[in-house]
Amino acid sequence: MAKPPTLIVHINGRATTVDAGSVVSAAILAAGVPCRLSISGAPRSALCGMGICFECRAVVDGIPHCRTCQLVCRDGMTVGTQR
Amino acid sequence: MNSFDVLILGAGIIGCACARECAQAGLKVGIVEVNIPGGGATAAGMGHLVVMDDSPAQLALTRYSRSLWQELMTQLPPTVEYENRGTIWVAADEEEMAEVHAKQNIYASAGVDSIVLDSAAIASEEPELRAGLAGGLLVPDDAVIYPPTAAAYFLAEAMQHGALLLRGHAAVKTGTGVVTLDDGSTLTSGRIILATGADKTILPWLPLQKRKGHLAITDRYPNFLRHQLVELGYLKSAHKITEDSVAFNIQPRTTGQLLIGSSRQYGNEYAAADNAILREMLNRACNYMPALAHLSAIRVWTGFRVATPDKLPYIGPTEDPTLFLAMGFEGLGITNAPGAARLLADEFLNRQSEIDPTPYLPSRVARMEVAHG
Ligand SMILES: Cc1cc2nc3c(=O)[nH]c(=O)nc-3n(C[C@H](O)[C@H](O)[C@H](O)COP(=O)(O)OP(=O)(O)OC[C@H]3O[C@@H](n4cnc5c(N)ncnc54)[C@H](O)[C@@H]3O)c2cc1C
Ligand code: FES
């Protein structure tokens with residue numbers, strides 16, 4: 001069976017290989033970092049997975065507050081925990 | 001249990017500040033609130049503690065009140081989110097720059113510090129402002145708070161000094177020393193303070209007008225903004241009595257969120273957000289800070305400022321010697337709450353007030369009626 005194609009995203013500065021077609025929130029989860037930190041500094045990650053809870057916000061390609069469960073990974077994308 | 005030295009109607013920031021001031025002075029205080037303390041206009045406002053100079057009396061009260069906030073600063077709980085941000089009055093052109101200098105002179109004569117910023121200085125203070133503004137006036141001691149928690153703090157302090165909160169019933173009538181609630185029960189007090197905000201049930205004839213305002217709050221963008229910014233044109237537009245107006249007025253919150261205002265509408269008593277004026281307000285803000293267009297707002301709401309004909313609040317006694325007013329604070333009730341509360345407590349305790357209380361006395365209403373024929 002052929003290996004699925006992969007691509008590289010940079011999560012909190014670390015190059016991470018993900019399967020093409022992955023959503024960004026899944027890549028963040030796989031990298032073991034939170035999507036964002038709450039006001040009190042508590043880690044938060046994807047909850048609803050369908051774009052309505054806003055828990056999965058992160059900084060994507062420099063744009064803050066992106067709902068990562070609604071974004072598909074692109075090669076070379078930078079993703080950062082939203083503070 | 002139904003008899004008090006001071007009975008306050010309404011637990012907005014004004015009523016709560018009065019409760020604290022009177023209870024701390026040793027008076028037996030009751031406070032009647034039909035709904036949620038701090039949930040009226042107090043929860044809808046911006047929380048800018050600002051010295052304003054529309055008139056000498058307004059300047060005196062805002063300056064005095066701001067100094068009382070500064071005294072409180074160190075004891076306020078973190079939930080009040082007091083931040084010494086400073087205001088920058090933004091001047092778009094040379095005409096507004098002339099106003100900057102005039103404003104600085106007025107502030108200086110009242111002992112209020114301010115610093116004139118030229119075009120380069122304002123750009124370095126607030127890099128997200130559009131390029132090419134003429135300058136501005138920085139008032140470093142103005143601050144920002146979160147109003148509902150400030151009201152809660154005043155109320156908690158009052159209750160620690162024995163004040164009693166009576167929740168869930170509206171006051172519907174006052175007679176000499178007696179308040180009737182909507183369940184028919186009565187409370188008695190030698191002094192009654194009317195602090196019901198926009199509610200005119202008790203004194204329907206009192207000249208008060210609602211001015212609707214819209215605010216929007218963004219998601220968190222830490223370090224986008226350092227000071228509370230207000231366009232100097234605000235003074236022109238805020239003075240218009242009859243027309244709807246918008247002005248650039250933006251506030252940094254401790255969370256990194258940005259609170260964006262503001263609009264003023266007369267004769268619109270409908271609480272729903274009005275898309276046309278909201279669009280105008282946000283366009284105005286983006287005109288001053290183009291990068292705002294790329295940020296996301298997460299909530300919009302409206303609130304009502306309660307204005308008197310001469311734009312000064314009613315603070316003091318009425319013809320009924322037991323009934324006192326603390327109403328009509330327009331867009332400055334958060335700022336002026338401690339000053340108003342102190343003036344009323346001075347009156348009750350026969351103390352000399354630190355500022356002249358006469359410009360705010362409700363007795364001017366009769367005179368205004370005569371003046372308007
Ligand atoms: C959009 C907007 C922005 C603003 N920005 C600022 C700002 O930056 N700085 C500033 O200083 N001010 C600001 N203000 C003004 C400020 O919010 C008000 O002046 C202030 O909150 C008024 O407080 P209050 O206690 O008089 O009224 P409210 O907060 O409305 O309190 C009145 C209370 O009385 C209760 N009540 C009413 N009727 C009865 C009754 N019959 N019996 C019992 N209880 C009753 C109500 O439930 C309410 O809790 C702003 C206002 C608005 C709308
Ligand atoms: S996980 Fe709920 S919006 Fe993305």
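Structure notes:
- Test: residue in the stretch B:55-77 that is more than 14 Å from chain A (Cβ to nearest Cβ), assigned to a strand (DSSP E or B) and either within 9 Å of ligand 1 (Cβ to nearest atom) or open to solvent by 50 Å² or more (accessible area, probe 1.4 Å) (or both): no
- Scope the stretch A:73-83; condition open to solvent by 40 Å² or more (accessible area, probe 1.4 Å) and either within 14 Å of chain B (Cβ to nearest Cβ) or in contact with a strand residue (DSSP E or B) (Cβ under 6 Å, 6 or more places away or on another chain) (or both); matching residues: A:Asp75, A:Thr78, A:Arg83
- The residue that is surrounded by the fewest Cβ atoms within 10 Å (Cβ to Cβ), counting only those in the stretch B:215-224 that are within 12 Å of ligand 1 (Cβ to nearest atom) and over 15 Å from the mean Cα position of the chain (by Cα), is B:Ile217.
- Every pair of residues 6+ apart whose Cβ atoms lie under 6 Å, when the first sits in the stretch B:100-114 and is within 13 Å of B:Ile88 (Cα to Cα) while the second is among the hydroxyl-bearing types (Ser, Thr, Tyr) and at pLDDT 95 or above: B:Gln104/B:Ser114; B:Ser114/B:Tyr107
- Residue in the stretch A:15-23 that is open to solvent by 40 Å² or more (accessible area, probe 1.4 Å) and either out of contact with any strand residue (DSSP E or B) (no Cβ under 8 Å at 6 or more places or on another chain) or within 14 Å of another protein chain (Cβ to nearest Cβ) (or both) present: no
- Restricting attention to the stretch A:35-66, the residues that are touching a Lys or Arg at 6+ places or on another chain (Cβ under 9 Å) and among the hydroxyl-bearing types (Ser, Thr, Tyr) total 2.
- Considering only residues in the stretch A:52-63 that are surrounded by fewer than 20 Cβ atoms within 10 Å (Cβ to Cβ) and assigned to a strand (DSSP E or B), the one that is nearest to the other protein chains (Cβ to nearest Cβ) turns out to be A:Ile63.
- Residue within the stretch B:241-253 that is assigned to a strand (DSSP E or B), surrounded by fewer than 21 Cβ atoms within 10 Å (Cβ to Cβ), within 14 Å of chain A (Cβ to nearest Cβ) and touching a Leu at 6+ places or on another chain (Cβ under 8 Å) present: no
- Test: residue in the stretch B:310-330 that is more than 14 Å from ligand 1 (Cβ to nearest atom) and under 15 Å from B:Ser55 (Cβ atoms): yes
- Among (1) on the phi < 0 side of the Ramachandran plot; (2) within 10 Å of ligand 1 (Cβ to nearest atom); (3) not in a strand (DSSP E or B) - the single one B:Gly38 does not satisfy: (1)
- Residues in the stretch B:2-35 that are of a type in the set (Gly, Ala, Ser) and assigned to a loop (DSSP other than H, G, I, E, B) were compared, and the one that is farthest from ligand 2 (Cβ to nearest atom) is B:Gly26.
- Complete set of residues in the stretch A:32-82 that are farther than 19 Å from A:Val9 by Cβ and either of a type in the set (Gly, Ala, Ser) or away from ligand 2 (no atom under 11 Å from the Cβ) (or both): A:Leu37, A:Ser38, A:Ile39, A:Ser40, A:Gly41, A:Ala42, A:Pro43, A:Gly51
- For the stretch A:24-42, the criterion of being open to solvent by 20 Å² or more (accessible area, probe 1.4 Å), away from chain B (no Cβ under 13 Å) and within 21 Å of B:Ile298 (Cβ to Cβ) is met by at least one residue.
- In the stretch B:52-77, the residues that are under 12 Å from B:Tyr107 (Cα atoms) and among the aliphatic types (A, V, I, L, M): B:Met52, B:Leu59, B:Ala60
The values are calculated or read from the model by the stated rules, or taken from the named source; none is laboratory data. Values in this document were obtained by computation on a predicted structure and should not be read as measured data. In this analysis, Cβ positions are derived from the backbone assuming ideal geometry, glycine residues included, and neighbour counts consider all displayed protein chains. Ligands, DNA and RNA are excluded from the accessible area calculation, which covers all protein heavy atoms including side chains. Shrake-Rupley method; radii C 1.70, N 1.55, O 1.52, S 1.80 Å.
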